[in-house]
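In what follows, a single structure is set out as structure tokens and then discussed.
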Amino acid sequence: MTSIAITDIGSLVTADSTLGDGALGIRANAAMIVVDGKVEWVGDNASAPDADRNVSVHGKTVIPGFVDSHAHLVFAGERGFEFEARMNGQQYSAGGIRTTVEATRAASDDVLRSNMARLVAEMHASGITTFESKSGYGLDVENESRSLRIAQQFTRETTFLGAHVVPSEFTGRADEYVSLVNGEMLRAAAPHAKWIDVFCDSGAFDVDQARAVLQAGIAAGLAPRIHANQLADIGAVALAVELDCASADHLSHLSEADVAALAGSNTVATLLPGAEFSTRSAYPDASRLLTAGATVAIATDCNPGSSYTTSLPFCIAVAVRDMGFSPEQALLAATRGGAAALRRTDIGALSLGMRADFAVLNAPSYIHLSFRPGVDLIDSTWVAGQNVYQR
Ligand SMILES: [Zn+2]
């Protein structure tokens, strides 16, 4: 048994309202004891029990590690030119994904693995302690299962997204492609995945195709989540609720019925500020979802085309500035919300017994995450009591 005392915490944000003030459960002048990777004790710095090792954070702020519930980290290739074209006025469409598919199929395992390792290091440097990663740039049997095998080396939250777009060799034969996804591809992918996902949107897969994909995944033992209503409202949210998806993600176009359906369900509404930012699209209004009582998450959507950021602090700043979140709501969405979107109860807060995943902020309060946009405030990041990043 090894214990660590994190001491001299100026502001400890537990995200557990029973441990401190307000919804964020904040304590001033606090300490936290970690035993065998879990939170054992939280209280006043002056009364902290002894531990094997002491780490003073010298008055800085400690927050729960961010839970990034939506990312696409296995890919090769470069699409900066596409971003430039968009910023010059071209509209975003789902088709750019095919550019990455070509580069990913051509890349070696080593290249894919080292690309992902670089992004994971960036995530740790941005305070992320748990992240999901999808396949979806292989789009054939061999490359989808290969992508998941590589993702599995970095996270247990792996998602089979064979139904990302219809690959060019299946142009005009979408239903045939869906049959491949639900048959041979799923059989090869399922041993390496926890989740099944589908891009249900205009220009991607329609509701019937998406339902078939998710049901096939569920039958193979995977749990469903969905890309919904990014480009248009074609009924993906109703499908998400119908199938009890853990999360419906994007939600840039939401009807009142969609908001009510999400609020009355166990499906988390995951918003992806980086996607609207990078495609210069209108931001969804999170306050509609929050007021209705939906559980809301914020994630990076890190991918090589439409949201190439690993920075959750950046996403929080945009969410607060442009999506109707308060700083408090945004931090909850990036921690507890992300955990709910992954149906995890062991992460997302610094409650007693939870995994000791946290970030130390070089700031007097968590508010600085959105108050000081673009400034790197992450001093160190810890996963299960282990230091995975130190500035
Ligand atoms: Zn995505």
Problem set entry | Residues located in the stretch 213-231, provided they are within 16 Å of the ligand (Cβ to nearest atom) and of a type in the set (A, V, I, L, M, F, W, C) | V213, L214, I226, A228, L231
Exercise. Residue check: is A240 modelled with pLDDT of 95 or more, farther than 21 Å from T158 by Cβ and part of a helix (DSSP H, G or I)?
Worked result: no
Problem set entry | Failed item, numbered, when I4 is tested on (1) touching a Lys or Arg at 6+ places or on another chain (Cβ under 7 Å); (2) under 25 Å from L312 (Cα atoms); (3) at pLDDT 95 or above | (2)
Seminar exercise, completed: (1) closer than 30 Å to F199 by Cβ; (2) in a strand (DSSP E or B) all hold for F81 apart from (2)
Problem set entry | Among the residues listed as V35, V42, V57, the single one being more than 16 Å from the ligand (Cβ to nearest atom) and within 29 Å of L119 (Cβ to Cβ) | V57
Exercise. What pairs come up if the first residue lies in the stretch 170-181 and is not in a helix (DSSP H, G or I), the second is not small (G, A, S), and their beta carbons are under 9 Å apart, counting only those six or more places apart or on different chains?
Worked result: G172/V166; R173/V166
Seminar exercise, completed: Scanning the stretch 297-319 for residues that are in a helix (DSSP H, G or I) and either modelled with pLDDT under 95 or aromatic (F, W, Y) (or both) gives F314
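Would you point out which residue out of V74, V55 is on the phi < 0 side of the Ramachandran plot, in a strand (DSSP E or B) and not small (G, A, S)?
V55
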Problem set entry | Every residue from the stretch 249-296 that is away from the ligand (no atom under 16 Å from the Cβ), small (G, A, S) and either in a helix (DSSP H, G or I) or on the phi > 0 side of the Ramachandran plot (or both) | A257, A260, A261, A263, A286, S287, A292, G293
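Considering only the stretch 339-349, I want to know if a residue exists there that is at pLDDT 95 or above and within 16 Å of the ligand (Cβ to nearest atom).
yes
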Seminar exercise, completed: Those residues of the stretch 320-376 which are over 22 Å from T309 (Cα atoms) and part of a strand (DSSP E or B) amount to R355
For this session: Looking only at the stretch 243-274, count how many residues are more than 20 Å from I218 (Cβ to Cβ) and either buried (at least 19 other Cβ atoms within 10 Å of the Cβ) or modelled with pLDDT under 95 (or both).
Result: 12
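The values are calculated or read from the model by the stated rules, or taken from the named source; none is laboratory data. The structure displayed is predicted, hence computed values, not measured ones. Cβ coordinates were reconstructed from backbone atoms using ideal geometry, including for glycine residues, and neighbour counts include every protein chain displayed.
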